[in-house]
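The values are calculated or read from the model by the stated rules, or taken from the named source; none is laboratory data. What you see is a predicted model; the values in this text were computed from it and never measured. Here Cβ is always computed from backbone atoms with ideal geometry, including for glycine, and neighbour counts include all displayed protein chains. Side chains are part of the model used for accessible areas, which takes the heavy atoms of the whole protein and leaves out ligands, DNA and RNA. Shrake-Rupley method; radii C 1.70, N 1.55, O 1.52, S 1.80 Å.
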Amino acid sequence: MDATQFDQSVGDLTGALGDPTRRGIYITVRESPEPLTSSHIAQAFDIHPNVARHHLDRLAQDGYLEVTTRRAEGRSGPGAGRPAKHYRATSKPIDVHYPTRRLDLLTDLLLQVIGRLDAGAASQVAHDVGYEYGSRLAAEIGLPSDAGFANAVTAVARAMTGIGFDMRPDVDPHKLLTSQCPFGDIAVEHPEIVCSLDQGLVSGLLGSIDRTWEPVVIPHTNSADVCVTEVAT
């Protein structure tokens, strides 16, 4: 990729996908087997349908989603059968996965790990740094303290997506699946630090809901593989 293409990619992502909610909406639509409406997104993200529509239309405008129409079923009277707008992901490539300000955050966390390293204690220090940030993030965004497990891990997955992880919950086997890690190959090269940092982040978020839930990150050997976080309840 040349400099012009890189700048364009960064501009696209900081504009369309720089907002954490919009980035989460894009991932939700992309992973859905069927096109979704603004009502689906509003319910999934607990936002007003007009806000959901704004995010979806912005993603469509920038080429990340396309709009299809389907006749609404079971309606009568004026406006009956009016086509409903459905959104699905396009094949537009994403060459830069995270906005610069998020990369700065993650780099800062790693620098904290390196700055606080003690011989033989790298993993614990990484976990502690991640836990501290995860706890602060949970306080800032207000995770649901009285949620059941399914709602809790869904909220955690959205929060992690907001800071650059492409994470989704897999509730029945009590897992969180990360299909895109912002640390990329670094996680494969230094799992003792990066995976401990990831585990700390999830622990800090989950700990704001229920301190008895213990996440464990299973290191993967290829950056293209899905990263699995098992949660013991």
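General remarks:
- Distance in nm between pseudo-label sites at residue 214 and residue 232 (7 Å out along the Cβ direction from Cα): 0.3
- Potential extension, residue 84-residue 224 segment - 0.36 nm per residue separation minus Cα distance: 46.8 nm
- Stretched out straight at 0.36 nm per residue, the stretch from residue 117 to residue 186 would grow longer than its current Cα-Cα span by 23.1 nm.
- Given a 1.4 Å probe and the protein chains as shown, residue 131 ends up with an accessible area of around 70 Å².
- Protein accessible area in the range 141-233, 1.4 Å probe - carbon and sulfur %: 49
- Packing rank of 30-43, 166-179, where each peptide gets the mean count of other beta carbons within 10 Å, highest leading: 166-179, 30-43
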